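One structure is given below, encoded as structure tokens.
The values are calculated or read from the model by the stated rules, or taken from the named source; none is laboratory data. Owing to the predicted nature of the structure, the values given are computational and were not obtained by experimental measurement. Cβ coordinates were reconstructed from backbone atoms using ideal geometry, including for glycine residues, and neighbour counts include every protein chain displayed.
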Amino acid sequence: MSAPIRFFLYLALSFSATAVMYFTACLVLTPAPIAAEYWVREMLVIKKSIARKYAGRPKIVIVAGSGTLFSIDARRLTETLGVPVINFGVHAELPLAFLLNQAESVVEQGNAVLLPLETELYTRNELTAWQVRNLIAWDQAKWRSIPIWKRLQAIRDLKPGPLWEIIEANVQARFFPSSIRKRLESFDDRLILDKWANTPAPTKFEYSAYNVDAMGDMPATKGTYQGKVTRSPEKHIKIPGDVFAILESFVTRMNRKGVLVRFVDTPFIDTGSVDIRKADESARSLSAQLPASAKLLDNRCELLFSKACFLNSEYHMNEEGRKMRTALLAGAIRRDTELTAFLDIKTQESVGSSTVCSGESNRVKTCGSPAEH
């Protein structure tokens, strides 16, 4: 064997050995309390605690990402419908199956689950960098349950390379816990609930689990969205087979448990150029892809709002927008005779239009000053 060939062979072996040591160290040292969004775990603990306060009673649990957290007023729905309504909105980056499993742990026979899922939850089922980071940081059981080859792939795709951060987090947790005290406290469920119970109502908006109220809503959401409008109610959503399997399995399990499931559409910003017919076609297309026993509850053409109704994203409504969106949802719930009978909700006259778009009369809901487009 010539000297150049030996050189390249040794070089390849060195790279391979280094890679093996690197990934082995990452596997051995994870999970670890690296930088992540620990407030998401804290919020899950709080929201499950809220739901369990109403154990043994008919209730509605509204499950999705932060679009629900900001855009639905569960306290107002509770007062309007006469049954407890829990805002179980958390974060749309969470894996769909994980989010549904968290909700499943607190619902029981005689409950209803509403799913105002964000587009990402309908269309994504692969691990994202955000999910990997948070799995490593605070969802230790889930991280360990993932097959080794998938964990290796996830570590490979996490940028920048996480090994030194993982080592640092392990050293801090073992020898300098005060340096990451807030991270470590997020693993103590009792401490989380005590802190939430003793946190005064917020006076300004902040992404914090401790700001949610007694029904799981996020208060103090004044402001107006200033960003670009990228979501269109006309755009069709294609649900992949693996995502549909997750949804169908969840609906089936819920039905066997005696829980009624409904899907709910999300609000959109009306730019003034939305084609109502195309928006209606898009909603009907989505409805046709959902599990047959869990229909789409409301009417997309009623969910077109001025930009002034949103807070800091196209999914997050501000206080005024949330009030209007919640009233529309109450009407949609009351129009569903199976749901109202199931939960013994009293119906009212004049609860809004049916599921057919009626054109200009349904658009645009405005907040505060004249609509911004």
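The rows are residues; the columns are (1) of a type in the set (A, V, I, L, M); (2) over 24 Å from E338 (Cβ atoms).
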position	(1), (2)
V45	yes, yes
Y54	no, no
P58	no, no
A64	yes, no
L69	yes, yes
G82	no, no
V90	yes, yes
A97	yes, yes
E104	no, no
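Surrounded by 21 or more Cβ atoms within 10 Å (Cβ to Cβ), within 21 Å of the chain's Cα centre (by Cα) and part of a loop (DSSP other than H, G, I, E, B) - does that describe any residue in the stretch 317-331? Scanning the stretch 317-331 turns up at least one residue that is surrounded by 21 or more Cβ atoms within 10 Å (Cβ to Cβ), within 21 Å of the chain's Cα centre (by Cα) and part of a loop (DSSP other than H, G, I, E, B).
Checking each residue in the stretch 117-157 for being of a type in the set (S, T, Y) and touching a residue at least 12 places away in the same chain (Cβ under 8 Å) picks out T119, Y122, T123, T128.
Give the stretch 235-248 a look and list any residue that's assigned to a helix (DSSP H, G or I) and charged (D, E, K, R), or say none. The answer is D242, E248.
When restricted to residues that are of a type outside the set (D, E), under 17 Å from G258 (Cα atoms) and not in a loop (DSSP other than H, G, I, E, B), the stretch 80-134 contains 7. Test of understanding: among T340, T355, which residue is part of a loop (DSSP other than H, G, I, E, B) and either surrounded by fewer than 20 Cβ atoms within 10 Å (Cβ to Cβ) or at pLDDT below 95 (or both)? The unique qualifying residue is T355.
Based on this model, can you work out whether V259 counts as over 27 Å from A308 (Cβ atoms), modelled with pLDDT of 95 or more, touching a Gly at 6+ places or on another chain (Cβ under 9 Å) and β-branched (V, I, T)? Judged against the criteria, V259 is a match.
Taking the stretch 177-191 as the range and being farther than 19 Å from L44 by Cα and surrounded by 12 or more Cβ atoms within 10 Å (Cβ to Cβ) as the test, the residues that pass are P177, S179, I180. Restricting the first member to the stretch 197-221 and to residues that are under 17 Å from R322 (Cα atoms), and the second to residues that are charged (D, E, K, R) and surrounded by fewer than 21 Cβ atoms within 10 Å (Cβ to Cβ), the beta-carbon pairs closer than 7 Å and six or more apart or on different chains are D213/R75; M215/R75; D217/R75; P219/D213; A220/K204; T221/E319.
Here is the figure for the stretch 280-312: residues that are closer than 17 Å to Y122 by Cβ and under 23 Å from the mean Cα position of the chain (by Cα) total 18.
Within the stretch 105-116, residues that are closer than 10 Å to K59 by Cα sit with their Cβ atoms under 9 Å from residues that are aromatic (F, W, Y), at 6+ positions apart or across chains, in these pairs: G110/F342; N111/Y54; A112/F342; V113/F88; V113/F250. Condition first: without any contact (Cβ under 8 Å) to a residue 40 or more places away in the chain, touching a helix residue (DSSP H, G or I) at 6+ places or on another chain (Cβ under 7 Å), within 28 Å of L96 (Cβ to Cβ) and surrounded by 12 or more Cβ atoms within 10 Å (Cβ to Cβ). Can you find one or more residues in the stretch 158-169 that meet it? Yes, because at least one residue in the stretch 158-169 is without any contact (Cβ under 8 Å) to a residue 40 or more places away in the chain, touching a helix residue (DSSP H, G or I) at 6+ places or on another chain (Cβ under 7 Å), within 28 Å of L96 (Cβ to Cβ) and surrounded by 12 or more Cβ atoms within 10 Å (Cβ to Cβ). Within the stretch 249-273, being part of a loop (DSSP other than H, G, I, E, B) and either among the aromatic types (F, W, Y) or touching a residue at least 24 places away in the same chain (Cβ under 8 Å) (or both) holds for G258, V259, V264, D265, T266, P267, D270, T271, G272. Within the stretch 205-222, at least one residue is at pLDDT 95 or above, at positive phi and not basic (K, R). In summary, E234 fulfils each of the numbered conditions (1) surrounded by fewer than 20 Cβ atoms within 10 Å (Cβ to Cβ); (2) out of contact with any helix residue (DSSP H, G or I) (no Cβ under 7 Å at 6 or more places or on another chain); (3) charged (D, E, K, R) with the single exception of condition (2). In the stretch 25-46, the residues that are farther than 18 Å from T199 by Cβ reach residues that are charged (D, E, K, R) and in a helix (DSSP H, G or I) with C-beta atoms within less than 7 angstrom, at least six apart or across chains, in these pairs: L27/R151; P33/R183; I34/R133; I34/E165; A36/R133.
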